[in-house]
Amino acid sequence: MTINKFPSISIVGATGAVGKICLEILKERKYPIDKIALFASKKSEGKRIRYFNEDLVVHEAKKNSFKNSNVVFISADSQVSLDLAPDAVKNGALVIDDGSAFRMEKGVPLVVPEVNEEDINYHNGIISIPNCTTTPLAMAIHNLKKLANIKRIQATTYQAVSGSGALAISELQNQTKNIINNKDVSKSVYPHQIAFSLIPQVDEFMPDGYTKEEHKMINETKKILHDDTLLISATCVRVPVFYCHSEAISVDFEHEIAIKDVVDVFKNAKGIKLIDDGLNENYPTPNFVEGKDDIYIGRIRKDSSNKKGLNFWIVSDNLRKGAALNAIQIMDAAIKLKKIPNF
């Protein structure tokens, strides 16, 4: 999208993984430096981040920090969002929040622009970004619903450690080095060793035996697609991969559909790239998808246990489309729809 007039942007969490990717994307777009302000916690006050040939100074994020902002991106923990977002809205900014604080709140749109851009029209100052595993699932299901009614969805995710932040990346690096060098392995981020292993738990367990992450996928997908009747089950697994989340998806339809129709609908979908040669060693992998904007789908096949079923594989960059890029695309759409206050 070509922007003729640039909103003033504040990025809260600028020193974190998502904040850094957000700056990279703005740099790719040649976004003017005088329209960008960076914020983080008190410990990052005064840090400098290079942007082209100049430095952007990081300031402590406080209430009343956003009086000159049109758009405030928040990528921090939920308490930061709860503390700062209402004040930013009072000061006339549109808040685009990457956390879970407002996702399921009534009156707060939960947006993937390729799916439900029109929901931006109904914001009251805050728009939420879905969980990074929800986004690719919602994009895929949105397009499959064009072919037939869907009875049931089963999702299993294979999630990179970057979804837990910089400390998790370091933990995987250090554990891997120690194992290779026959040294003791320590852990602090995860309850079990992640290097050369996997952990069938992402986030805390709920009373029903599902984790918060699994509940997020289920509930957020329904909200984005405006369909509370969808039957969805999820199992979320942390794997020893640095970047990109993968998902194995099974979908049951009301009637049998042709694989050719599935291929066609994905090929024509916004934000989706299809690797459709399901017979050879040609499919998306985290290594291939890292740094790319689109979600990638492959291994499309009929469910061998159900003629009305479909199985396929998704990989997406959790820090780009799963977070930073989606936020910037929401801003683009809000500009187009004239839904940024005072801009």
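The values are calculated or read from the model by the stated rules, or taken from the named source; none is laboratory data. Owing to the predicted nature of the structure, the values given are computational and were not obtained by experimental measurement. Neighbour counts run over all protein chains shown; Cβ positions are idealised from the backbone, glycine included.
For TRP313, the criteria (1) in a strand (DSSP E or B); (2) modelled with pLDDT under 95; (3) of a type in the set (A, V, I, L, M, F, W, C) hold in every case but one, which is (2).
For every residue, the table says whether it meets (1) modelled with pLDDT under 95; (2) in contact with a strand residue (DSSP E or B) (Cβ under 8 Å, 6 or more places away or on another chain); (3) closer than 30 Å to LYS270 by Cα; (4) part of a strand (DSSP E or B).
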site	(1), (2), (3), (4)
ILE3	yes, no, yes, no
PRO7	no, yes, yes, no
SER10	no, yes, yes, yes
CYS22	no, yes, yes, no
LYS27	no, yes, yes, no
TYR31	no, yes, yes, no
PHE39	no, yes, no, yes
LYS43	yes, no, no, no
LEU56	no, yes, no, yes
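Looking across segment 253-281, the residues that are under 20 Å from THR133 (Cα atoms) and in contact (Cβ under 8 Å) with a residue 40 or more places away in the chain come down to PHE266, ALA269, LYS270, GLY271, ILE272. Taking the listed residues SER170, SER128, SER162, SER81, the one that is modelled with pLDDT of 95 or more and in contact with a Lys or Arg (Cβ under 9 Å, 6 or more places away or on another chain) is SER128, with no other qualifying.
Checked against (1) surrounded by fewer than 22 Cβ atoms within 10 Å (Cβ to Cβ); (2) more than 19 Å from MET217 (Cβ to Cβ); (3) not aromatic (Phe, Trp, Tyr), MET331 meets all criteria but (1).
For residues that are touching a residue at least 60 places away in the same chain (Cβ under 8 Å) and more than 20 Å from SER246 (Cβ to Cβ), tally how many sit in segment 295-307.
Filtering segment 295-307 for residues touching a residue at least 60 places away in the same chain (Cβ under 8 Å) gives 295, 297.
Now restrict to residues that are more than 20 Å from SER246 (Cβ to Cβ): none.
Within segment 295-307, residues that are touching a residue at least 60 places away in the same chain (Cβ under 8 Å) and more than 20 Å from SER246 (Cβ to Cβ) number 0.
The set of residues in segment 56-95 being under 20 Å from ASP34 (Cβ atoms), in contact (Cβ under 8 Å) with a residue 40 or more places away in the chain and β-branched (Val, Ile, Thr) consists of VAL58, VAL71, VAL72. Put simply, of LYS308, LYS321 the only residue that is at pLDDT 95 or above and surrounded by fewer than 19 Cβ atoms within 10 Å (Cβ to Cβ) is LYS308. Pairing each residue of segment 161-183 that is within 15 Å of ILE199 (Cβ to Cβ) with any residue that is surrounded by 12 or more Cβ atoms within 10 Å (Cβ to Cβ) and of a type in the set (D, E, K, R), provided the two are 6+ apart or on different chains, yields C-beta distances under 7 Å for VAL161/ARG238; GLU171/LYS187.
The condition of being over 13 Å from the mean Cα position of the chain (by Cα), among the hydroxyl-bearing types (Ser, Thr, Tyr) and not in a strand (DSSP E or B) holds for only one of TYR296, TYR283, that being TYR283. When THR135, THR156 are checked against the criterion of being part of a strand (DSSP E or B) and either within 14 Å of the chain's Cα centre (by Cα) or surrounded by fewer than 19 Cβ atoms within 10 Å (Cβ to Cβ) (or both), THR156 stands alone in meeting it.
One residue is enough: does segment 238-255 have a residue meeting the conditions modelled with pLDDT of 95 or more, more than 21 Å from the chain's Cα centre (by Cα) and surrounded by fewer than 15 Cβ atoms within 10 Å (Cβ to Cβ)? Even if it seems obvious, please write down each step before you answer.
Start the filter on segment 238-255 by keeping residues that are modelled with pLDDT of 95 or more, which leaves 238-255.
When the remaining residues are screened for being more than 21 Å from the chain's Cα centre (by Cα), the result is 251-255.
Add one more test, that the residue is surrounded by fewer than 15 Cβ atoms within 10 Å (Cβ to Cβ), and what stays is 254-255.
Within segment 238-255, one or more residues are modelled with pLDDT of 95 or more, more than 21 Å from the chain's Cα centre (by Cα) and surrounded by fewer than 15 Cβ atoms within 10 Å (Cβ to Cβ).
Can you find a residue that is in contact with a Gly (Cβ under 9 Å, 6 or more places away or on another chain) and among the small types (Gly, Ala, Ser) anywhere in segment 235-250? There is at least one residue in segment 235-250 that is in contact with a Gly (Cβ under 9 Å, 6 or more places away or on another chain) and among the small types (Gly, Ala, Ser).
In segment 83-100, which residues are among the charged types (D, E, K, R) and crowded, with 24+ Cβ neighbours inside 10 Å? Selection gives ASP97, ASP98. Within segment 18-60, the set of residues being more than 13 Å from ILE328 (Cα to Cα) and touching a helix residue (DSSP H, G or I) at 6+ places or on another chain (Cβ under 6 Å) comprises TYR51, GLU54, VAL58, GLU60.
How many residues does segment 324-343 contain that are modelled with pLDDT under 95 and among the polar types (S, T, N, Q)? If you could, list the steps in order and put the result at the bottom.
Initial filter on segment 324-343 (modelled with pLDDT under 95): 341-343.
Now restrict to residues that are among the polar types (S, T, N, Q): 342.
Matching residues across segment 324-343 total 1.
Within segment 214-237, if we keep just the residues that are polar (S, T, N, Q) and in contact with a helix residue (DSSP H, G or I) (Cβ under 8 Å, 6 or more places away or on another chain), the residue that is surrounded by the most Cβ atoms within 10 Å (Cβ to Cβ) turns out to be THR221.
Kindly provide the set of residues from segment 58-80 that are outside any loop (DSSP other than H, G, I, E, B) and either surrounded by fewer than 24 Cβ atoms within 10 Å (Cβ to Cβ) or of a type in the set (Asp, Glu) (or both), ordered by number.
Our first condition is that a residue be outside any loop (DSSP other than H, G, I, E, B); within segment 58-80, this holds for 58-60, 71-74, 78-80.
Of everything in segment 58-80, those that are outside any loop (DSSP other than H, G, I, E, B) and either surrounded by fewer than 24 Cβ atoms within 10 Å (Cβ to Cβ) or of a type in the set (Asp, Glu) (or both) turn out to be VAL58, HIS59, GLU60, SER78, GLN79, VAL80.
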